[in-house]
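Below: one structure, written as structure tokens.
The values are calculated or read from the model by the stated rules, or taken from the named source; none is laboratory data. Since the model is a prediction, treat every value here as computed from it, not as a measurement. Note: ideal-geometry Cβ built from the backbone for every residue, glycine included; neighbour counts use all protein chains shown.
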Amino acid sequence: MASLKTGEGGLSKVVLTTNAGGAGAATATLYRHGATLTGWSVGGEQLIFVSPRAVFQPPKAIRGGVPVCFPQFGNLGPLQAQHGFARNREWQLAAGSSSSSATLVLESDEETLALWPHAFRAELTTSLLPSGALQQVLRVTNTDSKPLEFTCALHTYFKVSDIANASVVGLKGLQYYDNAAGALATDAAEAVTFSGEVDRAYIAAPDTLKVADSGRGAVLMVHKRGFSDAVVWNPAQAKAEGMADLGEHWRGFVCLEVAQARSGPVVLQPGEAWEGSTTVQYDTIGEGAD
Ligand code: BG6
């Protein structure tokens, strides 16, 4: 049974564990604040980046981990706040969680209705699979009597040895919106690499993508379902210096986000639900890297 513990800044967190066979133990840590996953390790190897400058003080979003962008990704929707409000709010731990799986729930209330006039229920179920893989399922239900639409993302910050060693594979030939340039473009490269700011929202991305880190010989296979799009982001030095909770630590991560973004919003009729998921498997290069 997953239980609540006290984490950074006195905030409550849930720690999940499983014995991943030959890979050793896997653990995951989730904060109720923002339903933000702040750690996932397999065999002692930490695979998720949280900025050493992250501020654990609601309503500020935790910089790093896997915050939930909902009911808006970026500025793709009616809200003022970039990425919506779910990452700034306290989620509740649902009954029925186990030692390796927990569901956090966010429901509309007076404050969310003032920002976005829709009744909803969002559930994020995070599980460690027997292999040690990390699975996250976001389910959104329209509990209102009128239709609602939203964009969203699981904004995953993968830890890398150095951004210069990181690449993202599987996006060749796709159209993306380049947020840095403010224009659409088509990706012609075999892999996305990082020699400066990268902020790309890929449209209709394939369901299997790969993050490789040549520095530590690691590969992460990302399998998404339900989410149409994928976002790749690293701000590089100049932009990171303007972010008080990141600063010099920008070299330590690459964001590969599964998203419902430029493909258009999810539209739900009253009573309908939508589900998007991602499963991430960790491997070392040479064992499943191709
Ligand atoms: C990415 C966006 O998803 O998130 C970027 O594509 C943005 O444009 C980044 O800069 C971080 O956003 P925030 O709001 O957490 O600083």
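Scanning region 142-165 for residues that are more than 16 Å from the ligand (Cβ to nearest atom) and either touching a helix residue (DSSP H, G or I) at 6+ places or on another chain (Cβ under 8 Å) or not in a strand (DSSP E or B) (or both) yields a count of 11. Within region 23-42, one or more residues are assigned to a helix (DSSP H, G or I) and small (Gly, Ala, Ser). Determine, yes or no, whether Ala81 is free of Cβ contacts under 8 Å to residues at least 40 places away in the same chain, within 16 Å of the ligand (Cβ to nearest atom), out of contact with any strand residue (DSSP E or B) (no Cβ under 9 Å at 6 or more places or on another chain) and under 29 Å from Asp229 (Cα atoms). The answer is yes for Ala81. When Ala54, Ala61 are screened for being within 13 Å of the ligand (Cβ to nearest atom), in a loop (DSSP other than H, G, I, E, B) and touching a helix residue (DSSP H, G or I) at 6+ places or on another chain (Cβ under 6 Å), only Ala61 passes. For the condition touching a residue at least 40 places away in the same chain (Cβ under 8 Å), farther than 29 Å from Ala212 by Cα and not hydrophobic (A, V, I, L, M, F, W, C), Glu149 qualifies. Considering region 235-283, the residues that are free of Cβ contacts under 8 Å to residues at least 24 places away in the same chain and among the charged types (D, E, K, R) include one that is farthest from the ligand (Cβ to nearest atom), namely Glu248.
In this structure, Arg216 qualifies as at pLDDT below 95, within 24 Å of Ser51 (Cβ to Cβ) and either in contact with an Asp or Glu (Cβ under 9 Å, 6 or more places away or on another chain) or more than 16 Å from the ligand (Cβ to nearest atom) (or both).
For Thr151, are the conditions met, namely being buried (at least 16 other Cβ atoms within 10 Å of the Cβ), in contact with a Leu (Cβ under 8 Å, 6 or more places away or on another chain) and modelled with pLDDT of 95 or more? When the stated conditions are applied, Thr151 passes them.
Conditions (1) crowded, with 18+ Cβ neighbours inside 10 Å; (2) within 16 Å of the ligand (Cβ to nearest atom); (3) in contact (Cβ under 8 Å) with a residue 12 or more places away in the chain; (4) in a loop (DSSP other than H, G, I, E, B), marked per residue:
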| residue | (1), (2), (3), (4) |
| --- | --- |
| Glu123 | yes, no, yes, no |
| Val137 | yes, no, yes, no |
| Val140 | yes, no, yes, no |
| Ser167 | yes, no, yes, no |
| Gly173 | no, no, yes, yes |
| Ala180 | no, yes, yes, yes |
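Summed over region 26-48, residues that are out of contact with any helix residue (DSSP H, G or I) (no Cβ under 7 Å at 6 or more places or on another chain), surrounded by 15 or more Cβ atoms within 10 Å (Cβ to Cβ) and either among the hydroxyl-bearing types (Ser, Thr, Tyr) or farther than 19 Å from Val137 by Cβ (or both) total 7.
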